[in-house]
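Visitor: The structure under discussion is supplied below as structure tokens; questions concerning it will follow.
Since every read-out is calculated from the coordinates, none of them should be taken as a lab result. A quick note: this is a predicted structure, and the numbers were derived from the prediction, not measured. Ideal geometry is used to build each Cβ from the backbone, glycine not excepted, and the neighbour counts take in all protein chains shown.
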Amino acid sequence: MQADLILIRFIFVAILVVAGFLLHPVPGPRYVSALAGAIIAGAIILFEMRIQRASLKTLIGAAFGSLLGIIGAYLIGSLVGSMESPAVSPHAKSFLMLVLVFPMAYIGLIVGAAKGDYLDLSALGGIFSDKATRRDMKILDTSVIIDGRIADVAEAGFLSGTIIVPQFILRELQQVADSPDSSKRQRGRRGLDMLNRLQSNPALDIQVVDTDYPAVREVDLKLLELSKHLDAVVVTNDFNLNKVAQLHGVSVLNINELANALKPVVLPGEAMRVFILKEGKEYNQGVAYLDDGTMVVVDNARKMIGKNADITVTSVLQTTAGKMIFGKLYEESAENSGIHTTDARQINGGTRRPYRDSRAPAAAAPREQQ
């Protein structure tokens, strides 16, 4: 799209340059006329580039304001021109008309553009409203298809609009599914199964588009170009693609950010029951996982590996990779607070509820990040 626009601008400049050279409107050598045509074409292109950034309300306000200014200048000029006075020459009348038209048109343009944001385009029945014609489209990335959680989000009813699957994404999935590496082959087949699952959902509008950009080699850049062309949102869980899309001004829905936002809030002092799965990095630590994959690091829990343990949360660390919970065994927490273990259980028995009850390692294992 950008290459086509550059080509159209080049043709426009060439036409004005050739017209200036052949028609020769400026006295002197013909190249002066050609140069004048190039300058005019450049000024028009700069104006076009600036006006593209304006909103629809600003454009309508500017056009309406300049039109009122020209009409007002014409009426005043007609009134002045109808006056018969030998002291005013025809050249003076023409100059007066020019002085009236340009300032009033300029003032109307500026004032109309400044006040255009106050226009209510919905009163026109949505004819000029860009919100009425803009479609809600989302483009799926390869990583989010393989991840599979997008199918769960869609089945829960939280995914609306038109779901776009580009043909080059399907080709990449097929290449991964045909890979000689068994791990990649399994991931690719899982992605194809997730696409079939999405297509079988009657509440979704799935469309496969053939739009491609042969000049762009990387799939991520093709995805961004397609999102710009369709004014669509990219759905991904790729951290790097998320950052690059923000630099290009493309809206992104990150499934990992959604998952982190939906994780329950855990405050220091809360109690929970977890399954100690393995040894931690530090001495005598144990590591457990909640059902949503959140890592729980428990002090002095190495002896509890392979067992359920009641713990008390001491702190919560939020990182870009996710959330980590630190805690200690509930018995140690009760002893440090000066309460015997039996008394602590009696005091909290009626009110304390375990946050998670991981009774098997399979239930506590973290979800594999795609």
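Visitor: Pull up all non-local amide H partners of residue 233: gap of 5 or more, or a different chain, and H-to-H distance under 5 Å with H placed in the peptide plane.
Guide: Sorted by chain and number, the residues that satisfy this are 137, 138, 139.
Visitor: List, in the order given, every pair from 281/303; 243/263; 278/323; 278/328; 243/281 whose Cα-Cα distance in the structure shown is over 25 Å. Numbers along the way, then the final one.
Guide: Values: 281/303 15 Å; 243/263 23 Å; 278/323 18 Å; 278/328 15 Å; 243/281 31 Å.
Cα-Cα > 25 Å for 243/281; rest within.
Visitor: From zero outward in steps of 5 Å, how is the percent of C-alpha pairs of the range 196-271 spread across the bins?
Guide: With 5 Å bins starting at 0, P(r) equals 3, 12, 18, 17, 19, 13, 7, 4, 4, 2, 1, 0.
Visitor: What is the extension gain from residue 152 to residue 192, computed as 0.36 nm multiplied by their sequence separation minus the C-alpha to C-alpha distance, in nm to one decimal?
Guide: Values: separation 40, 0.36 × 40 = 14.40 nm, distance 1.52 nm.
So the chain would gain 12.9 nm between residue 152 and residue 192.
Visitor: What is the distance, in nm, between label points placed 7 Å from the Cα along the Cα-to-Cβ direction at residue 219 and at residue 96?
Guide: Here the modelled spin labels are 7.3 nm apart.
Visitor: On a straight-distance basis, which lysines could pair with residue 138 in a cross-link, Cα separation under 16 angstrom, same-chain partners fewer than 8 positions away excluded?
Guide: 222, 228
Visitor: For residue 15 and residue 184, what does the FRET efficiency come to when R0 = 51 Å and r is the distance between their Cβ atoms, rounded to the nearest 0.05? It would help to have the intermediate numbers written out before the result.
Guide: Numbers: r = 52 Å, r/R0 = 1.03.
It comes to 0.45.
Visitor: Give me a comma-separated list of calculated 3J(HN,Hα) values for the range 205-214, in order, Karplus coefficients 6.51, -1.76, 1.60 applied at θ = phi - 60°, integers in Hz, x for any Gly or Pro.
Guide: Values, residue by residue: 9, 9, 10, 9, 9, 9, 4, 9, 10, x Hz.
Visitor: Could you state the principal axis extents of the C-alpha atoms in the range 138-261, from the largest down, to the nearest angstrom?
Guide: Largest to smallest, the principal-axis extents are 35, 34, 28 Å.
Visitor: Which GluC sites (Glu not before Pro) does the range 133-218 hold that lie in a coil by DSSP with at most 14 other beta carbons within 10 Å? Mind showing how you got there, number by number?
Guide: Values: sites: 155, 172, 218; in loops: 218.
Hits after loop and neighbour filter: 218.
Visitor: Determine the principal axes of the Cα atoms in the range 176-332, then give the extent along each, sorted from largest to smallest and rounded to whole angstroms.
Guide: Reported extents, whole Å, longest axis first: 63, 36, 34.
Visitor: With bins 10 Å wide starting at 0, give me the P(r) of the range 163-228 over every alpha carbon pair, in whole percents.
Guide: It works out to 20, 43, 34, 3, in whole percents.
Visitor: What do you get for GluC sites (Glu not before Pro) in the range 250-318 restricted to DSSP loop and a cutoff of at most 12 other Cβ within 10 Å of the site's Cβ? Don't skip to the end; give the middle numbers.
Guide: Numbers: sites: 257, 270, 279, 282; in loops: 270, 282.
Those that pass, being in a loop and sparsely packed, are 282.
Visitor: Also, I was wondering about something else. Hey, which lysines would be in cross-link range of residue 115, C-alpha to C-alpha under 19 Å, not counting anything within fewer than 8 residues on its own chain?
Guide: 57
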